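Working notes for the structure below.
The values are calculated or read from the model by the stated rules, or taken from the named source; none is laboratory data. Given the structure is predicted, the values throughout are model-derived calculations rather than measurements. Glycine gets a Cβ as well: all are built from the backbone with ideal geometry, and neighbour counts include every protein chain shown.
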Amino acid sequence: MPSPADGSIRAALERHGLWAKKSLGQHFLLDLNLTARIARSAGDLAGQPVIEVGPGPGGLTRALLDAGADPLIAIEKDARFLPLLQELVPGSDNRLYLLNADALAVNEEELLASPGHGGGGARSAPEGARRAARAHIVSNLPYNVATPLLIKWLKAGAWRASMTLMVQKEVAQRIVANPRTGAYGRLAVIAQARCAVRYGFTVPARAFSPPPKVESAIVHLTPRPDAYPHTDGLERVTAAAFGQRRKMLRSSLAGLAREYDLGAEDLLARAAITPTARAEEIAPAGFIALAEIVRGLSA
């Protein structure tokens with residue numbers, strides 16, 4: 001006799017009386033073929049630690065378990081879904097760990113190394129997590145926290161491996177955008193300074209229940225071997241530059257330059273950037289050069 005976890009996701013939601021909460025940005029993927037495609041697009045996950053944020057009814061969770069994730073740590077803020085997700089634990093060969101928490105507040109590095117994971121069992125941290133400090137992140141992110149979570153993970157240290165994320169299509173386009181395009185901005189600069197980025201595929205709104213008003217997309221981010229480590233400085237420089245993106249950089253960076261008793265043109269000259277350029281024209285390498293100069297001036 002099949003277990004409740006073997007039934008359709010829609011049936012499981014009905015059985016538990018669950019519905020999506022707009023306040024949490026929830027939109028559920030009920031198509032198991034699609035969730036399997038997302039898991040495959042993340043690469044070979046067999047025996048690899050994986051973190052999933054916002055599993056909801058567990059469609060992607062099932063696909064990640066089928067892909068061999070070990071351990072799979074599922075972080076769900078909405079406690080209503082824990083009983084449904086708990087049904088997946090017995091068939092997971094002790095690979096699934098559930099944590100009822102706000103992912104923005106979670107210390108993933110400590111989570112991977114600490115005893116237990118908050119719901120999948122009371123034993124010690126999984127051997128897979130102890131052996132491999134680097135965990136992949138594969139998630140259908142809630143719309144309302146997707147960007148802050150991405151920024152948090154972009155700043156992460158050696159514990160993070162690749163990220164395969166479903167976000168609003170507009171956000172995905174901003175992550176992979178090139179200079180001199182309308183979507184290019186702070187998010188593209190910071191993401192591309194830390195990772196190699198690639199647009200995966202578009203997911204239509206009708207794939208979700210309830211359907212959102214916008215399309216979604218899969219985006220892949222793989223750590224760069226030369227990832228720029230000083231993200232705080234990069235955030236500061238890009239905030240000033242893109243805060244007035246239609247202005248020339250000699251105007252938008254004037255306030256930042258004054259903090260170091262410099263003129264903006266002097267600051268830009270040190271980074272070999274034309275002062276009449278606008279922020280959207282400058283590649284990530286240019287902003288990295290600016291961040292390094294500001295960092296040196298702050299020392």
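A few comments on the model shown:
- Residues that are at pLDDT 95 or above and over 16 Å from residue 54 (Cα atoms), drawn from segment 128-145: 135
- Restricted to segment 2-45, and to residues there that are at positive phi and modelled with pLDDT under 75, the residue that is surrounded by the fewest Cβ atoms within 10 Å (Cβ to Cβ) is 17.
- Checklist (1) among the polar types (S, T, N, Q); (2) touching a residue at least 12 places away in the same chain (Cβ under 8 Å); (3) over 23 Å from residue 107 (Cβ atoms) applied to residue 144, failing item: (3)
- Filtered by the rule that a residue be touching a residue at least 40 places away in the same chain (Cβ under 8 Å) and part of a helix (DSSP H, G or I), segment 255-282 gives 279, 280, 281.
- Condition met for residue 67 (touching a Lys or Arg at 6+ places or on another chain (Cβ under 8 Å), among the small types (Gly, Ala, Ser) and free of Cβ contacts under 8 Å to residues at least 40 places away in the same chain): yes
- Conditions (1) exposed (fewer than 14 other Cβ atoms within 10 Å of the Cβ); (2) touching a residue at least 40 places away in the same chain (Cβ under 8 Å): number failed by residue 226: (2)
- Against the list (1) modelled with pLDDT under 95; (2) assigned to a strand (DSSP E or B); (3) hydrophobic (A, V, I, L, M, F, W, C), the condition residue 219 fails is (1).
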